[in-house]
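Shown next, in structure tokens, is the structure this report addresses.
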Amino acid sequence: MLKREECVGIDVEVKKTEKPRRKKRIRSDIGCSNGENTKRMKKKKKKKKMDSGPDPPPDLPQNFREKIKQLNGCDLNLVIQKRLTKSDVNDKKYRMSIPIRKLKYEFLRGEEKKLLDSREDKKIKVIEVELIEPSCERLTTLSLRKWEMKKKKGKTSEIYNLVNKNWYNRVVVHNGLLEEMVVQLYAFRVEGKLHFALVKVDDVGVGKNTAAIRIQKNNSSDI
């Protein structure tokens with residue numbers, strides 16, 4: 001644009017300059033035909049939720065009932081039905097997790113809860129328990145612990161664990177436990193002391209043993 005100004009009686013043309021506008025760069029996750037590099041947005045993968053087996057859960061098998069009766073057990077209740085995770089059958093971790101939010105029955109007494117919530121020199125306190133193995137042939141001694149697992153956004157999740165080397169060496173190996181197998185954990189008392197019974201739901205004739213099916217598929221593909 002031209003603007004005319006007077007300066008000492010002389011007409012002078014002054015040119016008003018405008019700053020060039022910068023073009024906004026638009027990011028896109030769609031590839032451009034002109035060869036420009038564009039950043040693609042990564043889509044978050046949704047975690048697939050695992051089902052916990054047949055609903056309603058099948059009853060405790062008769063051979064377990066007889067075993068518990070022989071031990072003079074009482075106060076029998078189903079604690080949880082779940083699919084075994086990769087961590088549950090890991091030969092380095094020696095534990096089975098029992099998520100508190102998935103409990104079907106609160107199996108601990110008041111004094112037992114207080115014990116597991118307490119710490120001694122920052123050490124986690126434990127309760128020694130006996131477990132009837134899935135074979136229903138023998139009892140194995142394990143430790144019951146309570147852990148707080150940190151999650152994203154500063155949240156925590158409370159979880160019980162049956163833990164020690166007996167879990168993997170005796171229970172997992174001897175009873176052929178595999179990832180994704182459906183199991184039930186029952187709690188009962190013998191003279192006031194806490195006991196558990198672990199049952200493979202597939203042995204009851206209900207449910208789908210996806211772990212065994214997956215292994216069969218892998219073996220058939222190798223042939």
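With θ taken as phi - 60° and the Karplus curve 6.51 cos²θ - 1.76 cosθ + 1.60 applied, the whole-hertz 3J(HN,Hα) list for the range 57-74 is x, x, 6, 5, x, 4, 5, 6, 4, 5, 5, 5, 5, 4, 7, 6, x, 8 Hz, x standing for glycine and proline.
Legend: residue pairs LYS153/LYS200; LYS82/LYS113; LYS150/LYS193; LYS82/LYS150; LYS69/LYS123, Cα-Cα distance threshold 28 Å; pairs beyond threshold, LYS153/LYS200; LYS150/LYS193; LYS69/LYS123. Percentage of Cα-Cα pair distances in the range 62-222 greater than 19 Å, rounded to whole percent? Cα-Cα pairs of the range 62-222 separated by over 19 Å account for 58 percent. Structural descriptor for the range 62-222: relative contact order 28 percent, calculated from alpha carbon pairs under 8 angstrom and at least 6 residues apart. Amide H contacts under 5 Å for THR85: GLU180, restricted to partners 5 or more places along the chain or on a different chain, H placed in the peptide plane at 1.01 Å from N. Computed from backbone phi with θ = phi - 60° and the Karplus coefficients 6.51, -1.76 and 1.60, the 3J(HN,Hα) list for the range 85-92 is 8, 4, 5, 4, 10, 6, 6, 10 Hz; x is used for glycine and proline.
The numbers here are math on the coordinates, done by the rules we state, and not lab data. Everything quoted here is computed from the prediction, not taken from an experiment.
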